[in-house]
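Below is one structure, written out as structure tokens; the observations come after it.
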Amino acid sequence: MKSYAVDIRTRRFSKKGEDICGDAVKVTRTPDSTIIVVSDGLGSGVKANVLATMTVELASGLFRGELSMLEIVETLIATLPVCKWRNIAYSTFSIVRIYDTGHVTVAEYDSPRLIHLRNNDNPLAVAGADRTILDRTIRESYFRLKPNDAVMIYTDGIVHAGVGEGLPMGWQEDGILEYVSQAAPNIAGDCTQVADSVVEQALRFWHDRPGDDGTVVCARYRKARHATVLTGPPADRALVNGVLKSFMARKGARIVCGGTTSHLLADMLGRQLIYDERFLDTDLPPIAKLDGVDLVTEGILTLSRAAEYLSKGRPQGQTDAATALLDQLDSADGITFMVGTARNPAHQNTGLPESIFLRRTVVENLAKQLQAQGKETELLYF
């Protein structure tokens, strides 16, 4: 399981009179990094969006080919179209690769300077160093993030905010840095508030009549949050105590799904299971409380319903054991499922398809859907 994670918040707006933003953003997760590509298409509207989207998709695809940053930038410069009249690219780009170690590699082409929001310190505009690639000037930066540091990427629509609306030269990069420096102490560690705050201020300068598309992307590097789900007793009864002790030694949120499992754990801990009366009126068995465990639910039915909610969407306004389980899983970056393979006598001779009761099948389905949402999952069988 990864020790660190990256939270990302994107906020943007379209030029007045346009339905589509001419900027594009693409985020790609690799086994060892998070890659953010932001592009600003020339002009606005559909044409600009097509150019920007082509840029971010091409860059992201090249990373899947395991090319170096230099090779990717060279390919982009050689591939992207250039306006013959003004000799400028039809789209600009910023590429930020944040490794799980905290190391950051940045390549910017005709884009505003990235801002490094440093934990408990003043934000810094990353100057970088210029490099010429195929007659184009690229700004390169290399630095390292500490836990809870963030980076902020933004496009020209933020830099030029207020042009024609009271600010002759617009907000400008120095003005943005000053604003972030003043606002950061109040919103430190929350990339959603950072992005929203900057965009709202830009719109105020535009008097809500933006003269250009604008985008802000804020990415925060932090320690990863983990959760462990224990469901079902092991097939070999001699392993019960070892599995339960291993579960309790896990860091992060601890969740038990299963009546037999929860009673075994309560007995080992010498603690009492207390049923929570909040969900007694739902069609799922209620949850319970056990000191030292974050959530206790019934097993197969609750796990199956949680998987169903992930695939079909949660019923609006509904809360039950499955939504309580999903709330715990949603807040985790990495999830370990400890799956017991003992057969449950309650699931025999019911006349229903046996696959419904195969704990392994249900858990694997749930894990697969969580992976599709960007979660890291691990399955251990006993």
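The values are calculated or read from the model by the stated rules, or taken from the named source; none is laboratory data. The structure displayed is predicted, hence computed values, not measured ones. Glycine also receives a Cβ, built like all others from the backbone with ideal geometry; neighbour counts cover every protein chain displayed.
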_Step by step: first the residues of the stretch 202-218, then only those that are in contact with an Asp or Glu (Cβ under 7 Å, 6 or more places away or on another chain) and of a type in the set (A, V, I, L, M, F, W, C), then the one that is surrounded by the fewest Cβ atoms within 10 Å (Cβ to Cβ). Which residue is that?_
PHE205
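Quick one: would you say ARG113 is in the same structural domain as LEU51 (by TED's automatic domain parsing), in a loop (DSSP other than H, G, I, E, B), of a type outside the set (A, V, I, L, M) and under 25 Å from the mean Cα position of the chain (by Cα)? So that I can check it myself, show each step before the final result.
Details: in the same structural domain as LEU51 (by TED's automatic domain parsing): yes; in a loop (DSSP other than H, G, I, E, B): yes; of a type outside the set (A, V, I, L, M): yes; under 25 Å from the mean Cα position of the chain (by Cα): yes.
Yes; evaluated as a whole, the condition is true for this residue.
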_Would you confirm, using the coordinates I've provided, whether SER44 is of a type outside the set (D, E, K, R), touching a Lys or Arg at 6+ places or on another chain (Cβ under 6 Å), buried (at least 22 other Cβ atoms within 10 Å of the Cβ) and closer than 20 Å to VAL216 by Cβ?_
yes
*Index of the failed condition, GLN318 passing every other in (1) among the polar types (S, T, N, Q); (2) touching a residue at least 40 places away in the same chain (Cβ under 8 Å); (3) surrounded by fewer than 19 Cβ atoms within 10 Å (Cβ to Cβ)*: (2)
*For LEU167, are the conditions met, namely being in a loop (DSSP other than H, G, I, E, B) and in contact with a helix residue (DSSP H, G or I) (Cβ under 8 Å, 6 or more places away or on another chain)?*
yes
*Look through the stretch 47-65, keep the residues that are more than 22 Å from the chain's Cα centre (by Cα) and surrounded by fewer than 17 Cβ atoms within 10 Å (Cβ to Cβ), and return whichever of them is nearest to MET1 (Cα to Cα).*
GLY65
*Among the residues of the stretch 139-153, is any buried (at least 16 other Cβ atoms within 10 Å of the Cβ), over 30 Å from ILE72 (Cβ atoms) and touching a residue at least 12 places away in the same chain (Cβ under 8 Å)?*
no
*Just name the residue that is nearest to THR228 (Cα to Cα) out of those in the stretch 256-298 that are more than 32 Å from the chain's Cα centre (by Cα) and of a type in the set (A, V, I, L, M, F, W, C).*
LEU265
*Looking only at the stretch 134-153, which residues are in a strand (DSSP E or B) and closer than 22 Å to TYR99 by Cβ?*
ILE138, ARG139, GLU140, SER141, TYR142, PHE143, ARG144, ALA150, VAL151, MET152, ILE153
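Quick one: is ASN87 modelled with pLDDT under 95, at positive phi and not hydrophobic (A, V, I, L, M, F, W, C)?
yes
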